Amino acid sequence: MEIEFRNVAGQRFETGLAAFLEPELAAGRRAVVLCGTRERLEALNLGLWTYDPASFLPHGSEADGHAERQPVYLTLAEENPNAASLLVMIDDAEAAAPEAFEKCSILFDRNDPAVRDAARARWRNCLAAGHTPVYWEFSAQGWRKNG
């Protein structure tokens, strides 16, 4: 399985996540966004409403209810209540079975040393597990695949 490592590279995290999710939703995919902390989940929940005044990215979390209706579901638990085909793990959040999804991405900011080190360890673990890691970087021009 290919696993994408997506570095927001010091940009606003919500903007990078939205720029990744918008084309995924346009392609008909649903997403589960697995967050490592409640603080990150709440920040993303608010940030996805406000990242761009001209855009709307439909999403929700357990607090909003109706998980099965959410195109993007933010969670702290390894679950798939909205029948998503895309798993997005944020920072150090880990899923035991990313293979349960068609596509898996890990979003992180390399400017945070602990998060960067965790991403490097996950890259090595990904290789050891027989997965294919692919590196992407976000900038003001959008997402760009490296390598």
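Derivation of every value follows stated rules applied to the coordinates shown; laboratory data play no part. Keep in mind that what you see is a predicted model, and the values were worked out from it rather than measured. Here the Cβ is made from the backbone with ideal geometry for all residues, glycine too, and neighbour counts use every protein chain on show.
Rounded to whole numbers, the Karplus 3J(HN,Hα) couplings from phi for the range 120-132 are 5, 5, 5, 4, 4, 5, 4, 4, 5, 7, x, 8, 10 Hz, using 6.51 cos²θ - 1.76 cosθ + 1.60 with θ = phi - 60°, and x at Gly and Pro.
Over the range 2-142, the fraction of Cα-Cα pairs per 10 Å bin, rounded to whole percents and listed from the shortest bin up, is 12, 46, 36, 6, 0.
Sorting His131, His66 from the fewest to the most surrounding beta carbons within 10 angstrom yields His66, His131. Projecting the Cα atoms of His59, Leu44, Phe108 onto the charge dipole of the range 13-147 (Cβ charges, centred on the Cα centre) puts Phe108 farthest toward the positive pole. Given their separation in residues at 0.36 nm each and the Cα-Cα distance between them, Ala96 and Asp52 gain 12.5 nm when the chain is fully extended. Between amide H atoms placed 1.01 Å from N, distances below 5 Å from Tyr135 occur with Phe5, Asn146, all of them 5 or more places distant or on a separate chain. Computed log10 I(q)/I(0) for the range 12-58 at 0.28 Å⁻¹: -1.16, from the Debye equation with unit scatterers placed on every C-alpha and solvent omitted.
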